[in-house]
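Here the structure is laid out as structure tokens; the discussion comes afterwards.
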Amino acid sequence: MRSRHHDIADDLRQQITAGSLQPGERLLSEAGLADRYKVSTVTLRRALAILQGEGLVEKIHGKGNFVRRPHRKVLYVGGWGTLDPLTAAEPALRVTVRSTTVPANAHLTTLLKVPTGSPVVETTCLSHEGGSPHGMARIYMPRDLVPAGVLDDDSACRNAVTRFAVLGPPPAALREAVCARPPTSDEASALRIGSAAVVLSITRIATDSTGRVVEAALLAFPGDRVDAVFTTHHVLDERQTQG
């Protein structure tokens with residue numbers, strides 16, 4: 001027998017796709033919807049969870065459930081790890097930035113190859129359009145390598161961070177590991193997505209000419225809000241060039 005919460009989800013979905021409920025429109029309170037459909041709030045929340053997982057409804061803490069506006073995609077360009085400059089420069093896309101110094105935990109020790117407990121600067125940024133988040137980044141650098149202005153929110157450094165770009169001088173090499181996975185609880189909360197959603201996760205490691213790790217960035221984008229482009233350059237070895 002079909003569950004009641006699936007019937008409720010079907011009805012709300014039909015109203016959204018037909019335009020009876022408009023993007024950005026606030027739904028009735030959960031108690032109001034439960035009363036309308038003659039079900040418990042537990043059943044109603046199960047129905048809303050289905051729509052949240054489909055990206056049709058988003059729940060904003062303290063405000064309620066809203067019909068989600070269609071999301072414009074951003075472009076992540078691999079290699080330099082930047083958002084598309086045209087997209088990032090648009091006033092509609094805003095980025096909040098926060099930098100602080102933290103002791104290196106076990107994970108950062110592995111990423112940055114620094115001793116446990118050594119000072120590391122963590123820069124966190126969250127990009128959003130209106131009230132909808134587009135992506136988040138946590139960028140880590142050994143304290144002695146941090147360019148002047150990062151902790152002071154210097155405009156040049158802030159511009160780099162808002163584009164999720166490398167903060168320091170151009171590195172000798174970048175290694176990016178990309179995967180699709182469920183969001184962590186922190187990511188789901190910050191990006192306002194369901195635990196069943198998929199994020200594009202990018203771990204970017206920048207090294208200098210000596211092989212020292214100068215920056216590690218952990219990037220996460222909701223899978224429906226980003227396109228990623230990577231360009232591979234074929235390098236000839238000496239035997240091919242001499243032939």
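If you go through the range 36-76, how many residues are in contact with a Ser or Thr (Cβ under 9 Å, 6 or more places away or on another chain), over 30 Å from Ser201 (Cα atoms) and of a type outside the set (Val, Ile, Thr)? Final tally of qualifying residues: 1.
The residues in the range 178-195 that are in a strand (DSSP E or B) and either farther than 23 Å from Phe230 by Cα or of a type in the set (D, E, K, R) (or both) can be counted, and the count is 1. Listed by first and then second residue, the pairs linking a residue in the range 126-151 that is modelled with pLDDT of 80 or more to a residue that is part of a strand (DSSP E or B) and among the acidic types (Asp, Glu), with Cβ atoms under 8 Å apart and 6 or more places separating them unless they lie on different chains, are Arg138/Glu122; Ile139/Glu122; Ile139/Glu215; Tyr140/Glu122; Tyr140/Glu215; Met141/Glu215; Leu145/Glu215. Does Lys59 qualify as being of a type in the set (Lys, Arg), touching a helix residue (DSSP H, G or I) at 6+ places or on another chain (Cβ under 8 Å), closer than 24 Å to Val226 by Cβ and surrounded by 14 or more Cβ atoms within 10 Å (Cβ to Cβ)? Spelling it out, Lys59 is indeed of a type in the set (Lys, Arg), touching a helix residue (DSSP H, G or I) at 6+ places or on another chain (Cβ under 8 Å), closer than 24 Å to Val226 by Cβ and surrounded by 14 or more Cβ atoms within 10 Å (Cβ to Cβ). Here is the figure for the range 16-50: residues that are in a helix (DSSP H, G or I) and touching a Phe, Trp or Tyr at 6+ places or on another chain (Cβ under 9 Å) total 3.
If you take the residues of the range 62-75 that are out of contact with any His (no Cβ under 7 Å at 6 or more places or on another chain) and more than 20 Å from Gln14 (Cβ to Cβ), which of them is surrounded by the fewest Cβ atoms within 10 Å (Cβ to Cβ)? So, considering only residues that are out of contact with any His (no Cβ under 7 Å at 6 or more places or on another chain) and more than 20 Å from Gln14 (Cβ to Cβ), the one surrounded by the fewest Cβ atoms within 10 Å (Cβ to Cβ) is Gly62. Tallying residues that are small (Gly, Ala, Ser) and closer than 30 Å to Arg192 by Cβ within the range 109-134 yields 4. In the set Ala216, Ala172, Ala197, only one residue is in the same structural domain as Met141 (by TED's automatic domain parsing) and under 26 Å from Gly55 (Cβ atoms); that residue is Ala197.
So that you can scan it fast, the table gives a plain yes or no per residue for (1) under 23 Å from Ile193 (Cβ atoms); (2) out of contact with any Leu (no Cβ under 6 Å at 6 or more places or on another chain):
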site	(1), (2)
Ser3	no, yes
Ser20	no, yes
Glu25	yes, yes
Glu30	yes, no
Asp35	no, yes
Thr43	yes, yes
Ile50	yes, yes
Lys59	yes, yes
Lys63	yes, yes
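Residue selection: Leu48 fails the criterion of being touching a Gly at 6+ places or on another chain (Cβ under 7 Å), of a type outside the set (Phe, Trp, Tyr), surrounded by 17 or more Cβ atoms within 10 Å (Cβ to Cβ) and at pLDDT 90 or above. Screening the range 190-243 for residues that are touching a Phe, Trp or Tyr at 6+ places or on another chain (Cβ under 9 Å), modelled with pLDDT under 90 and β-branched (Val, Ile, Thr) and picking the one that is farthest from Val178 (Cα to Cα) gives Val226.
Restricting attention to the range 42-67, which residues are among the polar types (S, T, N, Q) and under 17 Å from Pro222 (Cα atoms)? Listed by number, the list holds a single entry, Gln52.
The values are calculated or read from the model by the stated rules, or taken from the named source; none is laboratory data. Please read all numbers here as calculations on a predicted model, not as lab measurements. Don't worry about glycine lacking a Cβ; one is built from the backbone with ideal geometry, like all the others, and counts go over all protein chains shown.
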